[in-house]
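Have a look at the structure below, then the notes.
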Amino acid sequence: MTANGRLTFREKPWWRRAAKLAEGESFTLDLNRDGRPDTIVERSGGHIIQTIDDSGRAADTRKSPDAAIFVSYQGSGLVDRLIDYIDNNHDGKSDEMEIRYYKDGFLRYAWFGENFDHDGAQVWSLKDWQYDGDGFRSKFRGNVVFYLNKYDPATRAWAPVSECPFAFGDPNRDGRSEWVVRVSAAPLDSNTGSDTDYANNYDHIWAEKTTPLAGIGNLNVRLSYSLDPEPRTNPVEKPHFTFGFTMVGQQKYDYPGMLYTNPHRRPPQTVVRIPREAAESVALRYPAEQTGFSWDEAHAVDRWEGQFWIYERRLLYNAGGPTMRWNMRREYSGQPGTERRLYYSAVDKRHHLFGAAEGWLEAGHLLNQQKDLEIRTFDHDGDGFFDTWQVLAGQDTIPVRVSRVPEPRARMVKLSREMLAEEYNRRILPEAIAENGELIAALKKRAESSPAVSYEDEARKSAFAERKRYCLDVARELYFLKVRDALYAGNAGGPYPRLERSAGRRTLDTGTEDGRYTVGDSLAFWKQALAIEGFVVAYGEGRINDAREILERIPVAR
């Protein structure tokens, strides 16, 4: 390759012969002159492809774990792609893989991948000699890191850009990932303006001009964890993550060990990335100016990227995509911080982002094609804990329930994946499921709800305790709203306050006199109103067992 990044077959002594190859024809070369072929040149799919066995020992050059594949689309003689496999320890398994992308024969950018599982698995799934976009067939899981660098012809060096890196951690080596980190490398001034996702904009990645390393920042970090119980049953190609942080900041891209030189790599041999072993620590201590928190409530998003923010309601620059809108709990904090902190709330039996001032969850499009509920949360007193829960039904614009909790009923928790998973799966979910079942049984004696029945059915079918709890939560809320309104209506439908007061004696008996209410009717109405209020408050504060006991003491309307 020339200093300005140009790579071509046209000056090679074998090019004229290659250009004349018919489809399927090939010839071999002995580039290191050891008396055995180490290179094959062929025409395949109309392209001219040169494969070099860098080990010089492979029985089949095309299957070498240490091979470089140069592709000239339609045999133009200009190199369009380079796929390189590197076997660092010469054990017959590829340890690294890279895909270099050229435009008009000039190097623009490259994907680099490092596989620490020593299984020789191909990091990227390919189609037509480039990444095919299928992250599920690629090895984006286990103990792997991959990243994008852009070639800078001015400095003849690589510079970080876009996803740099995507790092995966599989501490128990079950082939899945327990955590994933994604860093958005982009120019330091790209967290403003109309381009909300500079890091994923391929117009910049393909551009001739490169922003040098000194002008690049780590502007967005995503960190996701899986709390799924072990052994995990989801397919390895779909490594589910439970929750994730998305953080925006202005950190300069400057980290220990980020310059990685591999002498087996074709020049430039030094790439720039945060090392895989440092990625989780970088994310946990990233100086965020804004933080978004996402939780997959329905256990429905099996994506290798993790759980992260959505481009709605609160804008977080360079967050990337794709992502899911429905049944995802979102929480937002605009407070700067260098630490990721969670707390557990006994109100809704959930972990929340400490310092989040607002949040929302849209329930629906799970069993139907509509929105069933929206739950909004707020921290009005600014103590870092949510104190207000609002519920909107369907497409309603006015809340049908507002619950304010004066005391947080919350406790801080250590951000340890192992400890969180243990408590979440062994205590929180089973207890919430049991509470829901008991209250739903009591509520169903008072009211009916077809949508709630559908969520109950889904809960019974679900193999995941998390999804079961979520569906029962939605069913419980739907039943609660029906019962609450029925209690209010039933109490207001009695003699008091619907009728005028009796002109007769002030009897404490209930029942109308002369078609009018008695003192006893008034006292009974207010006693019932207080009981209903106690039921509603207990429910809103998350005291589910108390709410059930209060409800069972309220007489059933005749």
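The values are calculated or read from the model by the stated rules, or taken from the named source; none is laboratory data. For clarity, every value in this text was computed on a predicted model and none was experimentally measured. Methodologically, a virtual Cβ is constructed for each residue, glycine included, from the backbone with ideal geometry; neighbour enumeration extends over all protein chains shown.
What the table shows:
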| quantity | calculated |
| --- | --- |
| G56 vs. criteria small (G, A, S), over 24 Å from G105 (Cβ atoms), assigned to a loop (DSSP other than H, G, I, E, B) and modelled with pLDDT of 95 or more | no |
| The stretch 135-193, residues that are of a type in the set (S, T, N, Q), under 21 Å from E98 (Cα atoms) and in contact with a strand residue (DSSP E or B) (Cβ under 9 Å, 6 or more places away or on another chain) | S138, N143, N149, S162, S184 |
| Sole exception among (1) touching a helix residue (DSSP H, G or I) at 6+ places or on another chain (Cβ under 6 Å); (2) of a type in the set (S, T, Y); (3) in a loop (DSSP other than H, G, I, E, B) for T155, by number | (1) |
| Neighbours by Cβ (under 9 Å, 6+ apart or cross-chain): first from the stretch 270-298, small (G, A, S); second in a helix (DSSP H, G or I) and surrounded by 20 or more Cβ atoms within 10 Å (Cβ to Cβ) | A298/E466; A298/R467; A298/Y470; A298/C471 |
| Any hit, the stretch 503-516, residues being β-branched (V, I, T), over 24 Å from V347 (Cα atoms), surrounded by 14 or more Cβ atoms within 10 Å (Cβ to Cβ) and out of contact with any strand residue (DSSP E or B) (no Cβ under 8 Å at 6 or more places or on another chain) | yes |
| Conditions (1) without any contact (Cβ under 8 Å) to a residue 24 or more places away in the chain; (2) in a helix (DSSP H, G or I); number of the one not met by D509 | (2) |
| Filter result for the condition that a residue is in contact with a Leu (Cβ under 7 Å, 6 or more places away or on another chain), more than 22 Å from M258 (Cα to Cα), surrounded by fewer than 22 Cβ atoms within 10 Å (Cβ to Cβ) and not charged (D, E, K, R), over G92, G105 | G105 |
| Residues that are in a loop (DSSP other than H, G, I, E, B), farther than 24 Å from S281 by Cβ and within 16 Å of the chain's Cα centre (by Cα), drawn from the stretch 316-349 | G321, P322, T323, M324, R325, W326, N327 |
| Answer from R460, R469 - the residue that is basic (K, R) and under 24 Å from E423 (Cβ atoms) | R469 |
| Pairs, first over 8 Å from E358 (Cα atoms) in the stretch 326-338, second assigned to a loop (DSSP other than H, G, I, E, B) and of a type in the set (V, I, T), C-beta under 8 Å, six or more apart | M328/V301; M328/I310; R330/I310 |
| Some residue of the stretch 370-382 being aromatic (F, W, Y) and under 26 Å from R417 (Cβ atoms) | no |
| Hits in the stretch 535-558 (condition: assigned to a loop (DSSP other than H, G, I, E, B) and either under 17 Å from G437 (Cβ atoms) or over 34 Å from the mean Cα position of the chain (by Cα) (or both)) | G542, R543, I554, P555, V556, A557, R558 |
| Unique match (being aliphatic (A, V, I, L, M) and in contact with a Lys or Arg (Cβ under 6 Å, 6 or more places away or on another chain)) among L29, L7, L21 | L21 |
| Residue in the stretch 211-234 that is farther than 27 Å from N425 by Cα and of a type in the set (D, E) present | no |
| Some residue of the stretch 512-520 being assigned to a helix (DSSP H, G or I), in the same structural domain as L439 (by TED's automatic domain parsing) and at pLDDT below 95 | yes |
| The stretch 46-64, residues that are surrounded by 13 or more Cβ atoms within 10 Å (Cβ to Cβ) and not hydroxyl-bearing (S, T, Y) | H47, I48, I49, Q50, I52, D53, D54, G56, R57, A58, R62 |
| Criterion: at pLDDT below 95 and either surrounded by 21 or more Cβ atoms within 10 Å (Cβ to Cβ) or at negative phi (or both) - qualifying residue of D302, D372, D379, D348 | D302 |
| Flag if R176 is surrounded by fewer than 20 Cβ atoms within 10 Å (Cβ to Cβ) and under 22 Å from L126 (Cα atoms) | no |
| Odd one out for Y260, checked against (1) surrounded by 24 or more Cβ atoms within 10 Å (Cβ to Cβ); (2) among the aromatic types (F, W, Y); (3) in a strand (DSSP E or B) | (1) |
| Sole residue being touching a Leu at 6+ places or on another chain (Cβ under 9 Å), basic (K, R) and within 30 Å of K461 (Cα to Cα), chosen from R303, R330 | R330 |
| Unmet requirement for K139, which otherwise passes all of (1) of a type in the set (D, E, K, R); (2) free of Cβ contacts under 8 Å to residues at least 40 places away in the same chain; (3) more than 26 Å from F9 (Cβ to Cβ); (4) in contact with a Ser or Thr (Cβ under 7 Å, 6 or more places away or on another chain) | (4) |
| Cβ pairs under 9 Å, 6+ apart, first in the stretch 367-378 and over 14 Å from T397 (Cβ atoms), second among the aliphatic types (A, V, I, L, M) and assigned to a loop (DSSP other than H, G, I, E, B) | D372/L366; T377/A356; F378/A357 |
| Filtered residue count, the stretch 213-232, keeping only those that are assigned to a strand (DSSP E or B) and either farther than 24 Å from S177 by Cα or under 18 Å from the mean Cα position of the chain (by Cα) (or both) | 9 |
| Near pairs, Cβ below 8 angstrom, 6+ apart or cross-chain, from the stretch 94-122 (on the phi > 0 side of the Ramachandran plot) to any residue that is surrounded by fewer than 22 Cβ atoms within 10 Å (Cβ to Cβ) and part of a strand (DSSP E or B) | D104/L78; G105/R6; G105/T8; G105/L78 |
